[in-house]
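Right, one structure below, let's go through it.
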Amino acid sequence: MTDVTINSNICGFVHHVHGKRDGKNIIIDIETDCEKIKKMSHMEIPMDQTLDIKDNYVISKAQEMKCSSNCLVPCGVLHVCRMEIGMLSESLAKKYGNISIDFK
């Protein structure tokens, strides 16, 4: 199981994302106060729909919920998916701890 916290400082929300591989799907649950992201919680994401940005279940769901283009949650969910399918090393992710966008 993969757990991450996404701090969306610009919109003021903190999102707790939990992911677990289940066969050929990744089950994603999100704890959040954001109404749009709440509607995305408990997604059953086919593994093959996380690899390409064009045919991507998570991005499609974010578009459907009318998430802002600067929402960090879809990117965070995709990181969780990649960890669950072994495309992103858990030890590497934990070594660096977080990723960020620093505005100058």
With respect to the numbered conditions (1) assigned to a strand (DSSP E or B); (2) modelled with pLDDT under 95; (3) not β-branched (Val, Ile, Thr), which one is the sole condition not fulfilled by ASP29? (2)
I'm trying to understand the selection: among the residues of region 14-26, which are buried (at least 16 other Cβ atoms within 10 Å of the Cβ) and either of a type in the set (Val, Ile, Thr) or at pLDDT below 95 (or both)? VAL17, ILE26
Only one of (1) out of contact with any helix residue (DSSP H, G or I) (no Cβ under 9 Å at 6 or more places or on another chain); (2) surrounded by 12 or more Cβ atoms within 10 Å (Cβ to Cβ) does not apply to ALA93, and that is (1)
Restricting to region 51-79, name every residue that is hydrophobic (A, V, I, L, M, F, W, C), over 16 Å from LYS36 (Cβ atoms) and assigned to a loop (DSSP other than H, G, I, E, B). LEU51, ILE53
Sole residue being within 13 Å of the chain's Cα centre (by Cα), part of a loop (DSSP other than H, G, I, E, B) and of a type outside the set (Val, Ile, Thr), chosen from MET87, MET40, MET83: MET40
Six or more apart or on different chains, Cβ under 7 Å: which pairs go from a residue in region 1-20 that's within 15 Å of ILE85 (Cβ to Cβ) to one that's of a type in the set (S, T, N, Q) and surrounded by 14 or more Cβ atoms within 10 Å (Cβ to Cβ)? Could you list them? GLY19/THR2
Condition broken by CYS11, with the remaining ones in (1) surrounded by fewer than 18 Cβ atoms within 10 Å (Cβ to Cβ); (2) assigned to a loop (DSSP other than H, G, I, E, B); (3) within 14 Å of the chain's Cα centre (by Cα); (4) of a type in the set (A, V, I, L, M, F, W, C) satisfied: (3)
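The values are calculated or read from the model by the stated rules, or taken from the named source; none is laboratory data. Worth saying up front: this structure is predicted, and the values here are computed from it rather than measured. Reconstructed Cβ throughout: ideal geometry from the backbone, glycine too, with neighbour counts over all protein chains shown.
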